[in-house]
Amino acid sequence: MTQNSIQAVAYELVEQGVGSNVAVLWMQNPPVNALSKAVRVGLIAALQQALADDSVKVIVISSKQNLFSGGADISEFSGGDFEPPLPAVLELIENANKPIVAVLNGPAFGGGLEVALSCHYRVTFAANKVGLPEVNLGILPGAGGTQRLPRLAGVAQALDMIVSGRPVAAKKLAGVFDLVVEQAENLLKEAMAFCAALVSNGAAVKRTCDITIDPSTAPAELFAQYRQSIAKQARGFFAPERCIQAVEAAVSLPFDAGLVREGELFMQCMASKEARAQQHFFFAERAASHVKDYDKSTPVRDIQKVGIIGAGTMGGGIAMNFANVGIPVTLLELKQEALDKGLALIRKNYESSAKKGKLTVAQVEERMSLLGGSTSYSDLSDVDLVIEAVFEKMSVKQEVFKSLDAVCKPGAILASNTSTLDLNEIAAATKRPQDVIGLHFFSPANVMKLLEVVKGEKTSADVIKTTMMMAKKINKVAVLVGVCFGFVGNRMIESYGREANRLMLEGASPEHVDKIIYDFGMPMGPFTMGDMAGQDIGYFVRQSRQKFIKHDPSYCIIADKLVEQGRVGLKVGKGAYLYAEGSRTPIPDPAVAEIAKQEADRLGIKQRKISEQEILERIIFPLINEGALILEEGIAAKSSDIDVIYVYGYGFPVYRGGPMQYADEIGLKTVYDAMCKYRDELGEYGGHWFQPAPLLKKLAEQGKRFSDL
Ligand code: NAD
């Protein structure tokens, strides 16, 4: 056995008999074996070496990392060196005149799977997963994946893999693999036996490009039905339709022409604003965990046991996150009845997951066994982290924190799930403000991926680090923010609701506003959202904020009137809309338009027809403007953090990348000019609410972007 290293691909000769060797090309580019330039160059060189060596009868491409390859090196997307392009490397592989076997020792994604598809044979183990997730970055597999996968996996399977981006277990891909071994640990041995059999049988090269797709397996209805089935989730995205067209090309065109079509569609995707946004978001999510508040040397506290105060809507959901990863939780309520109710609701949630086949009955019991209840603070003396989720009232929270201070062990982290209150005031109720932090979960807390981690004035670095790391463990995306009213997410959303209400006073209907916002890409418009959440929630927040809003007599006046008339939303069948018994479909109600008319008359506001552009700008731009203020104040460390909060916490369309990326895309000058226009056009109201943030003004004047900061 000899071995020499050719950059990122190691070359190994394995003797199988006299004058009969297998050349193994080991890709080795940690951490994910990305197909960076060095790997592509290495593959070509190693391939040439193997092809030139007469003793080599079979070539294997594999990896010694724990995955075969994670795909393209996406850091090369922005101005990287594309030479040699991956499709050219794959053409060399496919056209080689010695059998080439891809041995997938671990997952192969994107370009990684495309490498395997261009090989002549593929071997892996049953549980291994492969996929083409490019669609999640707003693009499509551009190295022959859309042409080769349908030829091997069948058109319907390939279509779903390429358009959904979802990985699939190897055992479900009979057409793709020539050998699927049961146990991963036997893979290498069996792969070598497979190679030996190829030699002894004199097996020929078996090129994917030579396979002809039987058109009867891909009738036009297949594509039509598929388009229909994904219409809702693909709404607004650019890439899914291009993925479908690429697979259609695999059916209708010869292989080479199909590759050309794939290339054209790939370039269309690459040039799209949606791809820019989705790639921005990919990096934004990863960047959220890079914070300056701690470093490698900062210690991490051990979180083995968790306490949660309040077993209501949020407390229950938060508890599930910990039980899901095996961390025991003690839930505390003042009354046994409330505790029983909270635990019963958690059980109901788990049981409904079990009914859908997402959990086994045993898993439900295992998770429930990790959830204990108590009505006594003394049971929290040994928890490492406690999260308070009681009523949103400062005096109640301070009482809770005083009690926690008295019973929790030194070093325990004391967290609050408050959505709006001043964390520093809560921390001041304890003698250990350095251990107090905000952990702002979003509802439903067991589902929503976002966690705003709120650092107080005195929160220590190790508490921040520990909670940011814990978030990963419970499968949340954490974003570190500072203290202010509503933190980042709820502070920004305030302008969104305010403007929707004001537009209605000025003559817009809730259904028109909601449609424009839905078409923009939000999961629902502000009025539907208000009804779903309960109009009373915003009402109570407004009651506690009179000081800040009383100068504007029009402020959310319609929402206030709705609540005062008992129209608190979906839960009572009427709010900004009407709802039929048991239905969630909003029905426009002329009585609401009447309220708006009366209030407008009372306030001297002349109702008018408002353009779609104005509605969209007045709802979205103040959100961006608030984001700029948040950046200036240092409440968020970077604009991409705000984007992560908005996509994961509020359903902002990922194909727009988040509000700040959207602003960068349309140009900050556009946003700034519109803010100035509405400030000047809307009289006193405009003067209050449409003052452009100084940072927005500065960047707009300099022709810069938020992402330049
Ligand atoms: P909830 O009314 O559903 O639950 C609160 C629970 O706390 C109740 O079960 C109540 O019995 C219990 N409780 C009240 N005082 C207590 C005390 N002193 N000791 C122990 N238990 C006590 O409320 P929720 O919606 O779960 O909200 C809880 C917190 O989470 C609030 O601060 C809220 O602002 C925040 N929050 C709520 C949401 C949301 O969408 N509901 C989202 C993010 C954050």
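Before moving on, here are some points about what is shown:
- Checked against (1) among the small types (Gly, Ala, Ser); (2) within 15 Å of the ligand (Cβ to nearest atom); (3) in a loop (DSSP other than H, G, I, E, B), residue 508 passes all but condition (2).
- Number of the condition not met by residue 366 [criteria: (1) open to solvent by 40 Å² or more (accessible area, probe 1.4 Å); (2) of a type outside the set (Lys, Arg); (3) within 16 Å of the ligand (Cβ to nearest atom)]: (3)
- Any pair with Cβ under 7 angstrom, 6 or more apart, that starts in region 11-39 at a residue that is acidic (Asp, Glu) and ends at one that is assigned to a strand (DSSP E or B): 12/3; 12/24; 12/26; 15/21
- Residues within region 398-435 that are under 17 Å from residue 455 (Cα atoms) and within 9 Å of the ligand (Cβ to nearest atom), tallied: 6
- Qualifying residue in region 346-359 (condition: out of contact with any Gly (no Cβ under 8 Å at 6 or more places or on another chain), at pLDDT 95 or above, of a type outside the set (A, V, I, L, M) and within 11 Å of the ligand (Cβ to nearest atom)): no
- Residue in region 201-218 that is in a helix (DSSP H, G or I), in contact with a Leu (Cβ under 9 Å, 6 or more places away or on another chain) and either open to solvent by 50 Å² or more (accessible area, probe 1.4 Å) or within 30 Å of residue 519 (Cβ to Cβ) (or both) present: no
- Residue list for region 321-340, restricted to those being more than 6 Å from the ligand (Cβ to nearest atom) and open to solvent by 40 Å² or more (accessible area, probe 1.4 Å): 324, 325, 326, 328, 335, 336, 337, 340
- Checked against the criterion of being surrounded by fewer than 18 Cβ atoms within 10 Å (Cβ to Cβ) and either free of Cβ contacts under 8 Å to residues at least 12 places away in the same chain or on the phi < 0 side of the Ramachandran plot (or both), region 637-656 has no qualifying residue.
- All positions within region 173-192 that are part of a helix (DSSP H, G or I) and loosely packed, with under 14 Cβ neighbours inside 10 Å: 185, 186, 189
The rows are residues; the columns are (1) at pLDDT below 95; (2) touching a helix residue (DSSP H, G or I) at 6+ places or on another chain (Cβ under 8 Å); (3) of a type in the set (D, E, K, R); (4) open to solvent by 10 Å² or more (accessible area, probe 1.4 Å).
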position	(1), (2), (3), (4)
509	no, yes, no, yes
513	no, yes, no, no
538	yes, yes, no, yes
541	yes, no, no, yes
545	yes, no, yes, yes
552	yes, yes, yes, yes
555	yes, yes, no, yes
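- Applying a threshold of 7 Å to beta carbon distances and a minimum spacing of six or more residues, or different chains, the list of pairs starting in region 435-447 at a residue that is closer than 11 Å to residue 321 by Cα and ending at one that is within 12 Å of the ligand (Cβ to nearest atom) and among the polar types (S, T, N, Q) reads 441/417.
- Number of residues in region 222-242 that are modelled with pLDDT under 95 and charged (D, E, K, R): the value is 1.
- Residue in region 482-502 that is at positive phi, in contact (Cβ under 8 Å) with a residue 12 or more places away in the chain and touching a Ser or Thr at 6+ places or on another chain (Cβ under 7 Å) present: yes
- Considering region 688-709, the residues that are open to solvent by less than 30 Å² (accessible area, probe 1.4 Å) and part of a helix (DSSP H, G or I) include one that is farthest from residue 636 (Cα to Cα), namely 700.
- Hits in region 150-175 - residues which are free of Cβ contacts under 8 Å to residues at least 60 places away in the same chain and touching a Leu at 6+ places or on another chain (Cβ under 6 Å): 153, 161, 175
- Matching residues, region 251-281, being under 27 Å from residue 709 (Cβ atoms) and touching a Gly at 6+ places or on another chain (Cβ under 9 Å): 270, 272, 273, 274, 275, 276, 277, 278, 279, 280, 281
- Count - residues of region 284-320 that are surrounded by 14 or more Cβ atoms within 10 Å (Cβ to Cβ), more than 15 Å from the ligand (Cβ to nearest atom) and not β-branched (Val, Ile, Thr): 9
- Residue 392 being closer than 27 Å to residue 536 by Cβ, away from the ligand (no atom under 11 Å from the Cβ), in contact (Cβ under 8 Å) with a residue 24 or more places away in the chain and open to solvent by 30 Å² or more (accessible area, probe 1.4 Å): no
- Residue list for region 372-389, restricted to those being over 28 Å from the mean Cα position of the chain (by Cα), surrounded by 17 or more Cβ atoms within 10 Å (Cβ to Cβ) and not small (Gly, Ala, Ser): 377, 380, 383, 384
The values are calculated or read from the model by the stated rules, or taken from the named source; none is laboratory data. Bear in mind the structure is a predicted one, so any value in this text is a computation, not a measurement. Neighbour counts are summed over all protein chains in view; Cβ atoms, including those assigned to glycine, are modelled from backbone coordinates with ideal geometry. Keep in mind that these areas ignore ligands, DNA and RNA; they rest on the heavy atoms of the full protein, side chains included. Shrake-Rupley method; radii C 1.70, N 1.55, O 1.52, S 1.80 Å.
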